[in-house]
1. Yes or no: region 30-40 includes at least one residue that is of a type outside the set (G, A, S) and modelled with pLDDT under 90.
2. Could you please find all residues in region 96-110 being surrounded by fewer than 16 Cβ atoms within 10 Å (Cβ to Cβ) and touching a strand residue (DSSP E or B) at 6+ places or on another chain (Cβ under 6 Å)?
3. Taking the stated definitions as given, is S55 surrounded by fewer than 18 Cβ atoms within 10 Å (Cβ to Cβ) and either modelled with pLDDT under 90 or within 12 Å of the chain's Cα centre (by Cα) (or both)?
4. Within region 161-191, track down each residue that is among the β-branched types (V, I, T) and at pLDDT 75 or above.
5. Which pairs do you get when a residue that is surrounded by fewer than 12 Cβ atoms within 10 Å (Cβ to Cβ), found in region 82-95, comes within reach of a residue that is in a strand (DSSP E or B), reach meaning Cβ atoms under 7 angstrom, with the pair 6+ apart or on two chains?
6. Suppose we filter region 22-38 for residues that are in a helix (DSSP H, G or I) and either under 12 Å from the mean Cα position of the chain (by Cα) or surrounded by 16 or more Cβ atoms within 10 Å (Cβ to Cβ) (or both); how many remain?
7. Among the helices (runs of 4 or more DSSP H) confined wholly to region 58-160, which include 1 or more residues that are modelled with pLDDT of 95 or more and more than 18 Å from the chain's Cα centre (by Cα)?
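The values are calculated or read from the model by the stated rules, or taken from the named source; none is laboratory data. Just so we're clear, the structure is a prediction, and the values are computed from it rather than from any experiment. With ideal geometry, Cβ positions are generated from the backbone for all residues, glycine too; neighbour counts draw on all protein chains shown.
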Amino acid sequence: MLKDIIKPAKEVWPLILLAVDNASPIHGFARIQLMFFIYKYIDFNYGLGTFGPYSHELTKALVKLEMDGLIKCHVVRSPGGGLVKKYMLTDRGKRIAFRLIEGMKGKYVRLSKVLVRKADEVVNDLEKLKKTFKDKPLMVLYLKALSMFEKSWPYFLNVPDETMKSYLLDYTKDLLFELKKVMFRGLETRSYIWLLSDI
């Protein structure tokens with residue numbers, strides 16, 4: 001029997017994501033949205049946004065964390081010359097996040113209605129996710145997200161009906177095929193196979 005099962009509030013997860021990997025910042029709202037979409041175990045509901053998967057719950061969590069003074073967000077110039085939001089923990093946010101991580105050690109977390117995992121494993125997964133994708137071009141995250149449709153429909157992505165679902169499956173498979181051709185032209189398959197593997 002599992003002891004010490006906890007169900008953290010949803011805003012805890014972006015706080016922990018920002019705390020892992022030595023509290024390094026994350027550049028871009030879309031990057032955070034895609035990271036949590038790729039790490040499908042945390043119970044954020046997603047719908048179709050203008051530019052890809054979008055979770056209103058995750059947006060609300062980020063706004064709440066900023067309003068509570070735990071994270072700060074400001075616009076910076078990206079290496080490509082564009083403007084992007086930079087998300088990072090405040091000093092207070094770091095203290096609270098590290099205390100939360102410490103308090104979760106040895107416990108189990110309920111991540112959805114049915115999934116229970118060791119908290120340490122989830123924190124390690126989030127750190128691996130952040131280290132893997134925080135500095136990659138955003139297109140790599142889009143490719144990873146699209147590759148999830150090759151296996152099956154992401155259960156946490158809500159669409160109005162089966163017709164829309166069928167259309168999106170066809171569309172994403174076509175788009176994924178074309179993006180791979182453009183991005184990996186001339187490269188051997190093994191040089192990008194890690195991208196499509198499970199995190």
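1. Applying the first criterion (of a type outside the set (G, A, S)) to region 30-40 yields 31-40.
Of the ones still in play, those that are also modelled with pLDDT under 90 are 40.
The answer is yes, given that some residue of region 30-40 is of a type outside the set (G, A, S) and modelled with pLDDT under 90.
2. Answer for region 96-110, where residues must be surrounded by fewer than 16 Cβ atoms within 10 Å (Cβ to Cβ) and touching a strand residue (DSSP E or B) at 6+ places or on another chain (Cβ under 6 Å): K107, R110.
3. On the way: surrounded by fewer than 18 Cβ atoms within 10 Å (Cβ to Cβ): no; either modelled with pLDDT under 90 or within 12 Å of the chain's Cα centre (by Cα) (or both): yes.
No; evaluated as a whole, the condition is false for this residue.
4. Keep residues of region 161-191 that are among the β-branched types (V, I, T), which gives 163, 172, 182, 189.
The one that is among the β-branched types (V, I, T) and at pLDDT 75 or above: T163.
5. So the pair list comes out as L83/V75; L83/R77.
6. We begin by selecting, within region 22-38, every residue in a helix (DSSP H, G or I); these are 22-23, 29-38.
Going one step further and asking which of them are either under 12 Å from the mean Cα position of the chain (by Cα) or surrounded by 16 or more Cβ atoms within 10 Å (Cβ to Cβ) (or both), we end up with 29-38.
Number of matching residues: 10.
7. 91-104
Here is a yes/no grid of residues against (1) of a type outside the set (G, A, S); (2) out of contact with any His (no Cβ under 8 Å at 6 or more places or on another chain); (3) within 25 Å of D135 (Cα to Cα); (4) surrounded by fewer than 17 Cβ atoms within 10 Å (Cβ to Cβ):
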site	(1), (2), (3), (4)
D4	yes, yes, no, yes
K40	yes, yes, yes, no
F44	yes, yes, yes, no
F51	yes, yes, yes, yes
V76	yes, no, yes, yes
S112	no, yes, no, yes
